Amino acid sequence: MSFIEVVDLVKVYRDPESRLPIPALNGINFTIKEGEFVGIFGPSGAGKTTLLSIIGGLLDPTSGYVKIDGKEITQLTYKELVTFRREQVGYLWQLPEDNLISGNTVLQNVMLPLQIANKPREEQKKIANELLDRLGLSHRKNHQPNQISGGEAQRVGLAIAIANRPKLLLGDQITGELDTTSSIEVVNHLKSFSEEYGTTMLIVSHKRQFIEATDYGFGLVDGKISTVLNNFQVEGA
């Protein structure tokens with residue numbers, strides 16, 4: 001049984017001045033099984049972020065639908081969608097400042113999704129501290145986001161995204177701002193969490209390190225799936 005089912009997905013924007021249609025997705029179809037680690041690869045403007053945003057319930061499609069774990073999220077009410085995003089999806093964005101809240105310490109940032117999920121405070125601290133220790137960040141837990149490196153910030157973002165053990169983790173160019181060493185580190189941690197927790201991961205990236213880590217990937221060009229790639233098929237990417 002498919003965990004993610006994307007059917008005839010279309011997204012058309014409108015130019016704010018001319019009102020002419022700007023197609024972003026042109027009939028996307030694919031399925032992903034639970035626990036798979038899948039990449040979406042393609043050039044800038046291919047529709048990768050739009051696709052990820054619709055799957056994550058952050059954007060409505062023009063037509064078509066998305067099912068997650070048997071539930072058609074494109075038909076959920078606003079309240080149901082909020083619950084879905086809070087309880088089932090973890091998000092990890094390219095820029096560290098989009099993952100962390102300034103003014104909160106690293107530990108407080110990781111505790112926040114657990115707090116929103118109404119976990120007891122001691123459990124929040126326990127889980128957050130365990131994650132930071134696992135990610136090699138215990139010595140940074142009382143630091144502010146502006147006091148840590150980009151690679152460290154992205155690992156904190158990963159801790160935040162995985163804290164509630166979501167069924168689905170979505171990542172958008174999450175190594176785009178990182179050097180090679182930090183990128184590999186983040187990728188390895190993602191793979192480890194996916195295997196241990198059984199989390200389905202759908203990651204947008206153009207970096208070779210990510211392509212090689214995936215179970216397989218979808219090539220996206222001009223809003224359409226151009227190919228399905230195994231990691232050995234992207235030599236030189």
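Here, each number is a calculation from the coordinates, and none is a lab measurement. Computed from a predicted structure; not experimentally measured. Every residue, glycine as well, gets a Cβ built from its backbone with ideal geometry; the counts of neighbours run over all protein chains shown.
Could you tell me whether region 107-181 comes out rounded, prolate or oblate from its Cα gyration tensor? Rule is a ≥ b ≥ c as square roots of the eigenvalues, rounded for a/c under 1.5, then prolate if a/b exceeds b/c, otherwise oblate. Mind showing how you got there, number by number?
Values: a/c = 2.20, a/b = 1.35, b/c = 1.62.
Taking the square roots of the gyration eigenvalues as a ≥ b ≥ c, region 107-181 is oblate.
So how far apart, in nm, are the two label points at GLU34 and THR181 if each is 7 Å from Cα heading toward Cβ?
4.0 nm
Dimensions of region 14-152 along principal axes (Cα, Å, largest first)?
Projected onto the principal axes, the Cα atoms of region 14-152 cover 51, 32, 30 Å.
For VAL82 and GLN147, FRET efficiency with R0 = 45 Å and r from the beta-carbon atoms, rounded to 0.05?
0.90
Mind checking which aspartates and glutamates have their C-alpha under 16 Å from LYS11, skipping anything on the same chain fewer than 8 residues away?
ASP60, ASP222
Given a Förster distance of 30 Å, report the FRET efficiency between MET1 and THR62 from their Cβ-Cβ distance, rounded to the nearest 0.05. Could the numbers behind the result be given before it?
Details: r = 27 Å, r/R0 = 0.91.
Approximately 0.65, to the nearest 0.05.
Give me PHE3, PHE193 sorted ascending by neighbouring Cβ count inside 10 Å, so fewest comes first.
Working: PHE3 17, PHE193 23.
Ascending number of Cβ neighbours within 10 Å: PHE3, PHE193.
Under 16 Å from a point placed 7 Å out from the Cα of GLU196 along the Cα-to-Cβ direction: which residues of region 131-162 have their backbone N that close?
Once the point is set 7 Å along Cα→Cβ of GLU196, 131-138, 155-162 turn out to lie under 16 Å by backbone N, inside region 131-162.
Just to be sure I understand: of the beta bridges DSSP finds with both ends in the chain, what percent are antiparallel, rounded to 5?
Taking every DSSP beta bridge within the chain, about 55 percent pair in antiparallel fashion.
Hey, which of these cross-link pairs are over 24 Å Cα-Cα: LYS48/LYS191; LYS71/LYS191; LYS33/LYS224?
The pairs that break the limit, which is 24 Å between Cα atoms, are LYS71/LYS191.
Pairwise over distinct Cα atoms, reciprocal of the mean inverse distance: report the Kirkwood radius of the chain in Å, one decimal place. Each step should come with its number before you reach the end.
Values: mean 1/r = 0.0545 Å⁻¹.
The Cα-based Kirkwood calculation yields 18.4 Å.
Run the helix sum for the chain: -39,500 (n - 2.57) per DSSP H stretch of 4+ residues, divided by residue count, reported at 222 nm to the nearest 500 deg cm²/dmol.
-10500 deg cm²/dmol
Nearest 20 debye, what's the magnitude of the dipole of the chain about its Cα centre given +1 on Lys and Arg Cβ and -1 on Asp and Glu Cβ?
It works out to roughly 480 debye.
Place a label point 7 angstrom from the Cα of VAL228 along the Cα-to-Cβ direction, then list the residues of region 13-34 whose backbone nitrogen is under 11 Å away.
30-33
HIS139 to LEU20: FRET efficiency via 1/(1 + (r/R0)^6), r the Cβ-Cβ distance, R0 45 Å, to the nearest 0.05?
After rounding to 0.05, the efficiency reads 0.25.
Give the shape of region 1-84 as rounded, prolate or oblate, defined through the alpha-carbon gyration tensor: a ≥ b ≥ c are the square roots of its eigenvalues, a/c under 1.5 means rounded, and otherwise the shape is prolate if a/b is larger than b/c and oblate if not.
Oblate is the answer for region 1-84, as a/c is 1.5 or above yet b/c matches or exceeds a/b.
Which order results if ILE116, ILE162, ILE211 are arranged by neighbouring Cβ count within 10 Å, fewest first?
ILE116, ILE211, ILE162
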